[in-house]
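What follows is a short report on a single structure.
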Amino acid sequence: MCRVLAYIGPEIPIGSLLLAPENSLINQTLDPEMHPLLQLAGWGFGAWSEHLVEPEEPLRYRRPVAAFYDDNAEGIIPSLQASTLLAHVRAAAYDSGTVLADENCHPFSFDGTPFIIAQNGYLPNWQLLQRELLTHCKDEYLEQMRGTTDTEFLYVLLLSLLDGDGDDDVKRGLEEMLRVIERAMRELDLAGLTKLKMALVAKDRIIGVNYGLGHEGEAHPDGDWRELRTADAGSDDHSLGMLLEPMYVMTGRNFEDYEKSYEVDVTPADEATSAIFASEPLTEDTGDWSEVEFGQMVVLERVGDGITSTTSELDV
């Protein structure tokens with residue numbers, strides 16, 4: 001499973017988010033705390049900044065090499081800063097069938113939507129499921145696909161199901177997307193564990209999603225993720241534990257005062273000026289992080305100098 005990090009708040013050097021911390025996203029390619037595999041299949045980020053020529057559009061960078069091998073990282077990133085960031089390191093099967101290309105690196109970005117997307121997870125048998133799912137997809141998004149990943153196809157499917165870009169619109173679209181995937185699996189007899197841990201990011205806004213389907217295609221799988229994660233890597237129980245584990249949010253103030261770390265003066269969201277959504281807690285004090293449980297969606301938004309946070313249950 002890949003790793004993802006999203007940030008909103010005052011403009012800070014991107015290096016403070018991606019390079020400098022001991023548990024930086026780039027370092028997680030080699031040593032993720034909560035994942036058994038290396039993240040070697042590429043990486044990328046999208047960032048908004050008032051200092052860009054087009055501040056309403058994200059600067060997007062993607063490369064199909066392990067992040068720690070990218071000689072551009074330390075050459076480009078220290079020159080950039082951002083008030084909104086979505087970054088991702090990609091894990092993939094270590095075999096000849098994996099396509100390493102810019103087009104397969106997250107985040108993905110299409111015209112016609114404010115959102116870019118990155119994901120930890122997968123949709124099994126997605127190429128075959130297209131027989132049912134393509135009927136729900138709009139041409140305006142299908143024709144923008146460039147890669148060969150399930151995440152980019154899920155981006156097409158989700159955008160096609162949205163009636164707007166408001167929080168309630170996105171919630172309804174996510175709920176409907178899981179329903180049509182479950183129906184397609186049932187129709188084609190292709191049920192399988194489906195992990196959808198997504199970050200949809202627009203300027204000053206993060207929508208974090210944690211949901212999916214169990215091994216039999218069920219929308220409400222049961223289990224204690226901590227116990228399941230103690231099973232052997234690659235086993236059904238371990239995979240289910242990775243599905244059910246939370247995503248994480250930290251809110252606070254004065255991020256810019258803590259160099260080379262993810263530390264902030266931790267506060268509740270209504271007192272915060274910045275927020276991070278991530279695959280795993282990025283600081284030693286895990287109590288500073290709130291959990292986005294399986295089946296939940298969190299919306300983090302920067303309004304003026306403050307942060308709003310709303311968590312809701314997905315009705316699937």
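The values are calculated or read from the model by the stated rules, or taken from the named source; none is laboratory data. Since the structure is predicted, the reported quantities are computational estimates derived from the model, not experimental observations. As a convention, Cβ positions derive from the backbone with ideal geometry for all residues, glycine included, and neighbour counts pool all protein chains shown. The accessibility values were calculated without ligands, DNA or RNA, using every heavy atom of the protein model including side chains. Shrake-Rupley method; radii C 1.70, N 1.55, O 1.52, S 1.80 Å.
Taking a ≥ b ≥ c as the square roots of the eigenvalues of the Cα gyration tensor, the range 162-297 is oblate, since a/c reaches 1.5 or more and a/b is not larger than b/c.
Ignoring lysines fewer than eight residues from residue 171 along the same chain, the ones with Cα atoms less than 29 angstrom from its Cα are 138, 195, 197, 203.
So, with a 1.4 angstrom probe, what is the percent of accessible area on the chain that is carbon and sulfur?
For the chain, the apolar C and S fraction of the accessible surface comes to 44 percent.
Ranking 148, 307, 59 by how far each Cα lies toward the positive end of the dipole of the chain (charges on Cβ) leaves 148 at the top. Separation of the range 297-312 from the range 134-210 is 22 Å, based on Cα centroids. Given axes a ≥ b ≥ c from the Cα gyration tensor, I'd like to know whether the range 212-263 is rounded (a/c under 1.5), prolate (a/b larger than b/c) or oblate. The shape class here is prolate. Computed over protein heavy atoms with a 1.4 Å probe, the accessible surface of the range 82-193 works out to 42 Å² per residue.
Can you compute the charge dipole magnitude of the range 209-316 about its Cα centre, using +1 on each Lys and Arg Cβ and -1 on each Asp and Glu Cβ, nothing else charged? Give it in debye, rounded to the nearest 20. If you can, show how the numbers build up before the last one.
Details: 5 positive and 26 negative charges, 55 e Å.
About 260 debye.
So what is the accessible area of the range 215-268 per residue, in Å², with the probe set to 1.4 Å?
Solvent-accessible surface per residue comes out at 54 Å².
Packing around the peptides 44-51, 66-73, taken as the average count of other Cβ atoms within 10 Å per residue, puts them in this order, highest first: 44-51, 66-73. Charges were assigned to the Cβ only: +1 to each Lys and Arg, -1 to each Asp and Glu. The resulting dipole of the chain about its Cα centre is roughly 760 debye. What FRET efficiency, computed as 1/(1 + (r/R0)^6) with R0 = 51 Å and r the Cβ-Cβ distance, is obtained for residue 315 and residue 259, rounded to the nearest 0.05? Efficiency, from the Cβ-Cβ distance: 0.75.
Rounded, prolate or oblate, given the Cα gyration tensor of the chain, with a/c below 1.5 counting as rounded?
It comes out rounded by the Cα gyration axes.
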